[in-house]
Amino acid sequence: MSAKQRTEYLCSACGHRESKWLGRCPQCSEWNTMEEQAVVAASRGTSRRGGPRPVGGGSATGTTGRSPQSFATIDAAAHERVSTGMAELDRVLGGGMVPGATVLVGGEPGIGKSTLMLQMAAQMRSRRVLYVTGEESPRQIKLRGDRLGVSNPHLEILAANALEDVIAAIGPAAGAERHSVVVIDSIQTIYSQEAGSVPGTPNQIKYATFEIAEIARAFDVAVFFVAHVTKEGAIAGPKTIEHMVDTVLSFEQSDDDTRYLRALKNRFGSTDEVGLFTMQPKGLVQITDPNSVFLVRRSGALPTGVVVTPVIEGSRVLLVEVQALTVPAKGGISRVYSERIDSARVSRMAAVLEKHLGVPFSDHDIYVNVAGGIRINDVGVELALAVALYSARTDRPFPPKTTVTGEVSLAGEIRPIPQMLRRYRAGTDLGFDRCVGPSALRQGEESDSTAARWAGADSLADAIARVMPAREKKEW
């Protein structure tokens, strides 16, 4: 019996479907975009393109359904992770890529996403890699690859926008050698006539991602989807497919040439790691010594409002410089300007200082920055932030060769934080001979008799007294 055919109307702007024609699309509110389209109802066990879907283990069986499996009989043998050849990328992925996993890499246009993917493909010399480009020609990819020094005999370039061509390249006929890694640059350029006539719509992106991810899981192919972000910093159309992929990576840039690669979602690893790169004439270069980026080398005393603190980023301890500035508010309304540290945290530390140390901030604008442009979420930055604000407001410099770290409660107490001893040792390795922090360790963390220069403090007032000399009370 032939498949039953019916008619539906598809919005050419957003991909929305309706069973009848409408003058205005209810999804995107565009006028006269509904186009008639013939739809063939697919039978169970087949894809909308017609052929049978791959079922378990990568073999296309053509069956009409899948049978439930006993949890006890499922083979849970872990896939061996594959190194991408870039240590910083492996760190963010959780130790390397997993065969069959799908990774979404988002970032602003021109930040270096394509460069990162091409350099990764060049490093995987023992693997067959397919680079699908929907925005550039093979000649353009070749020119860029020559500039980056790309030399991989197993790297293949496919210039295609049609989803069917990409699927055919990922899952070739039985017996043919399959690719181990596939890069889709970018997912917004891949389209299928079955999902609408306009590439880049949410419907097109979701449909293409689902089909490619299904083939990748069936054949154990690791797929990297490249996606652009909006001016607000959110992944544009691909924001709707974050639940379909295994890992979501965000590629960010600071005020200089430093690039930060973070995991926003990772089914196979932690989301706390950060990869550090810098853009050079021959491509992205991995930063092996992060402290050279975040610490400002000075001789002599520190400027007022500058404090050094050790923070935890994934498995690494980074020493960063927190900078604070306070100026009288204009118009009587004070504001907080902070991009690298949550502004709510800055306001909270200012309130604690005003309440427990009598230092007023309500009539001053507060500016906070972190040298190197990295965003800090670690709770241990609170004590350093409070000390930096106090130093800026009182015009008293912080002593050199000293670090501070700790969590500050609303009562002005210094609470224990994770991995305190690792933070202390990171400072001593770089020549900082004193660390001021909580007087107690977290439960389960053993003390270290070598930490003789660790000065414990129970309150914010105690911590400030340990790093700044006392002076007469100031009348504000």
ask   = Under a plain spin-label model, where a point goes 7 Å from the Cα along Cα-to-Cβ, how far apart in nm are VAL327 and SER83?
value = 5.0
inquiry  = Using the crude model of +1 on Lys and Arg Cβ and -1 on Asp and Glu Cβ, and no other charge, please compute the dipole size for segment 293-467 relative to its Cα centre, in debye to 20.
reply    = 340
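Give me D for segment 244-343 in µm² s⁻¹, whole number, from Stokes-Einstein with Rh from the Kirkwood sum over alpha-carbon pairs, 37 °C and 0.692 mPa s.
200
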request  = Once you have the Cα-Cα distance between GLU108 and ARG297, take 0.36 nm times their residue separation minus that, and quote the gain in nm to one decimal.
outcome  = 65.0 nm
inquiry  = Once you place label points 7 Å from the Cα toward the Cβ at GLU135 and ILE74, how far apart are they in nm?
reply    = 3.7
note = FRET efficiency (ALA411, GLU30; Cβ distance; R0 60 Å; to 0.05) is 0.60
query = Among the trypsin sites (Lys or Arg not before Pro) within segment 238-271, which fall in a DSSP loop and have no more than 13 other Cβ atoms within 10 Å of their own Cβ?
reply = ARG267
ask   = What FRET efficiency would be calculated for the residue pair ASP256, ARG335, taking the C-beta separation as r and a Förster radius of 41 Å, to the nearest 0.05?
value = 0.95
key: Quarter of Cα convex hull surface for segment 293-467, i.e. mean projection, nm²   = 9.6
remark   = Ranked output for segments 249-257, 109-117 by mean other Cβ atoms within 10 Å, highest leading, reads 109-117, 249-257
Of LYS142/LYS282; LYS20/LYS239; LYS113/LYS265, those spanning more than 24 Å from alpha-carbon to alpha-carbon = LYS20/LYS239
query = At ARG348 and ASP220, where each label point lies 7 Å from the Cα along Cα→Cβ, what is the point-to-point distance in nanometres?
reply = 4.6
inquiry  = So if I take the centroid of the Cα atoms in segment 290-309 and the same for segment 397-417, what is the distance between those two points in Å?
reply    = 17
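Run through the DSSP bridge list for segment 293-467 and note the antiparallel percent, rounded to the nearest 5.
Taking every DSSP beta bridge within segment 293-467, about 60 percent pair in antiparallel fashion.
Expressed in nm to one decimal, what extension gain is obtained for the pair LYS265 and GLN280 from 0.36 nm per residue of sequence separation less their Cα-Cα distance?
On the way: separation 15, 0.36 × 15 = 5.40 nm, distance 2.83 nm.
Result for the pair: 2.6 nm of gain on full extension.
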request  = Could you work out how far the C-alpha centroid of segment 177-197 sits from that of segment 323-367, in angstrom?
outcome  = 49
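Every number here is computed from the coordinates shown, using simple stated rules; none is lab data. This one's a predicted model, so the numbers in the text were calculated from it and none came from an experiment. All Cβ positions, even for glycine, are placed from backbone atoms using ideal geometry, and neighbour counts span all protein chains on display.
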